[in-house]
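Scroll down for the structure; my scribbles are underneath it.
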Amino acid sequence: MKRVYGLTGGIACGKSTVGRVFAANGAALIDADQIARDVVALGTPGLAAVLQHFGPECALDDGTLNRERVGEIVFADAEERAALNRILHPLIAQESVRRIAEAMADEPAPIFYEAALLVESGAYRQYAGLIVVACDPEIQLRRIMERDELTREEAARRVSAQLPVADKVRVATHVIWNNGSLDDLEREALSTLACLRSAGVDPAADDRSLPPVE
C-alpha cells in the first residue's frame, strides 16, 4: 500500500505552504481545509446544517457561508466550536476517506493528509508518520496578527483554541521549523520529502486498509 502521512501544525505555522510544496513536487495532497469548505458549499447538506445551528445571519447575501462570522463565534466559545465540529467532522471524514482511496489508486507515493486536528483527535497514530510544521510562539502570534489583521489579544485567543504546537512536536516523526523565510521553509520541506521518499515502503504497513481521519 502506498504510504499515507499526516501533515499538521499550529495556526499560521505554515503547514499549508508545506503542503503546496509537497504537491508541486509530485506528492499527493489531501487537504482537510479544502474538504471542510467543499462540504459547506452552496446547496450542500453541510451548509444547511451549519445555518440551522448558527442562524441565517451566518449566510452571505448570495447564500454561501459567512466563514468570517462563524469563525468569530467558534473561536470565542468552546461549546459552539464543539457544535461546529459535531456537524462537520463526519462529513469531512467521509469525503476524506473517499479522496485518500482515490489517491492510493491513482497517485504516486507519498500521500499526505493535511489537517489541523490530527494530534488533538488522535488520528495521527493511524498514519505512516506525522509531519508537524512549527514555529516559535512569538513568530506565530505576529503572523496571525499580520495575516488576519487581528489584535494581539484576538490572535492569542485563536492560538489558545488549539493544542500548543510544542505538544504536536512531541509526537511528530518529522518536524519542519518555519522561523525563517519562505525560501528556508521550502528547503526544509523538500528535504523532508526527499527523506520520506528514500525511506521507501514499510511492508508491515501494507494492510490494504484506509487510515481513519480526524
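Every number here is computed from the coordinates shown, using simple stated rules; none is lab data. Predicted model, so just to flag it, every value in this text is computed and none were measured. All Cβ positions, even for glycine, are placed from backbone atoms using ideal geometry, and neighbour counts span all protein chains on display.
Tell me, what is the percent relative contact order of segment 4-198, built from C-alpha pairs under 8 Å that lie six or more residues apart? Show your work: numbers first, answer last.
Numbers: 254 pairs, mean separation 71.3, N = 195.
Computed value for segment 4-198: 37 percent relative contact order.
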Filter the chain for me: DSSP H helices, axial length by Cα at least 15 angstrom, mean Kyte-Doolittle hydropathy not below -0.5. List them by residue number. 78-106, 182-199
So for Cys13, Cys135, fewest C-beta neighbours within 10 Å to most, what's the order? Cys135, Cys13
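Using Cβ contacts closer than 10 Å as the measure, can you line up Phe75, Phe54 from fewest to most? Walk me through the numbers on the way to the answer.
Details: Phe75 16, Phe54 20.
Result, fewest neighbours first: Phe75, Phe54.
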If each DSSP helix of 4+ residues adds -39,500 (n - 2.57) and the sum is divided by the residues in the chain, what number results at 222 nm, nearest 500 deg cm²/dmol? -16500 deg cm²/dmol
